[in-house]
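Remarks on the structure that follows.
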Amino acid sequence: MKMRGTPAAIVTLAVILGGLATLHAHHGSFISYDREKQWTAQATVTEFRYVNPHVQLYFDVKEKDGKITHWNGEMLPNPAQLIASGWSRKRAAEALAAGTVVTVTALPAKAGGNTALVTRVTNAKGEELLGAGPTAGAPAAPAK
């Protein structure tokens, strides 16, 4: 007796499992970055990319010894989330233009290198431009 549905079931299962693996791999941002080594530094924006699935911020940090370190940072908000919160491509391009001095809070990649998950960006006035919610060690939000 032949089982005609078996090959189709195997293909369907493979597609489902492959999709789950891809979804898990993409949404592993906090797994890929070291929360214990979060840092904050003044930085100069070199480029901001308003792209899917997450916006990218490229910036330079001047080290204590005067050396410039180039960083590339992924941010959690995607363009749809930015638009919903009032951050159009134009607004982002203006606020994060190359040469803009900002303060960046980031989680370095566990794999090393100069890649980080940027959790907060504030301008020279201290106003939060972009953020991913409260950062470790930050005071609790006031009760309403």
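The values are calculated or read from the model by the stated rules, or taken from the named source; none is laboratory data. Predicted model, so just to flag it, every value in this text is computed and none were measured. All Cβ positions, even for glycine, are placed from backbone atoms using ideal geometry, and neighbour counts span all protein chains on display.
Return the only residue of Ile68, Ile31 being β-branched (Val, Ile, Thr), under 15 Å from Leu117 (Cα atoms) and either modelled with pLDDT under 95 or loosely packed, with under 10 Cβ neighbours inside 10 Å (or both). I'd like the intermediate steps shown before the answer.
Values: Ile68 fails: under 15 Å from Leu117 (Cα atoms).
Checking each option against the conditions leaves just Ile31.
Working carefully through the options Pro53, Pro77, find the one that is outside any strand (DSSP E or B) and loosely packed, with under 14 Cβ neighbours inside 10 Å. Show your work before the answer.
Details: Pro77 fails: loosely packed, with under 14 Cβ neighbours inside 10 Å.
One residue alone meets the criteria, Pro53.
For region 71-118, which positions are on the phi > 0 side of the Ramachandran plot and at pLDDT 85 or above? Walk me through how you get there before you give the answer.
Restricting attention to region 71-118, the residues satisfying the condition of being on the phi > 0 side of the Ramachandran plot are 86, 99, 112-113.
Once the filter is applied, which keeps residues that are on the phi > 0 side of the Ramachandran plot and at pLDDT 85 or above, region 71-118 yields Gly99, Gly112, Gly113.
Considering only residues that are in contact (Cβ under 8 Å) with a residue 24 or more places away in the chain, within 18 Å of Lys62 (Cβ to Cβ) and assigned to a loop (DSSP other than H, G, I, E, B), which ones fall in region 97-125?
Selection gives Ala98, Gly99, Thr100, Asn114, Asn123.
Cβ-Cβ distance below 8 Å, separation of 6 or more or different chains: which pairs start in region 69-90 with a residue that is hydroxyl-bearing (Ser, Thr, Tyr) and end on one that is assigned to a helix (DSSP H, G or I)?
Ser88/Leu82
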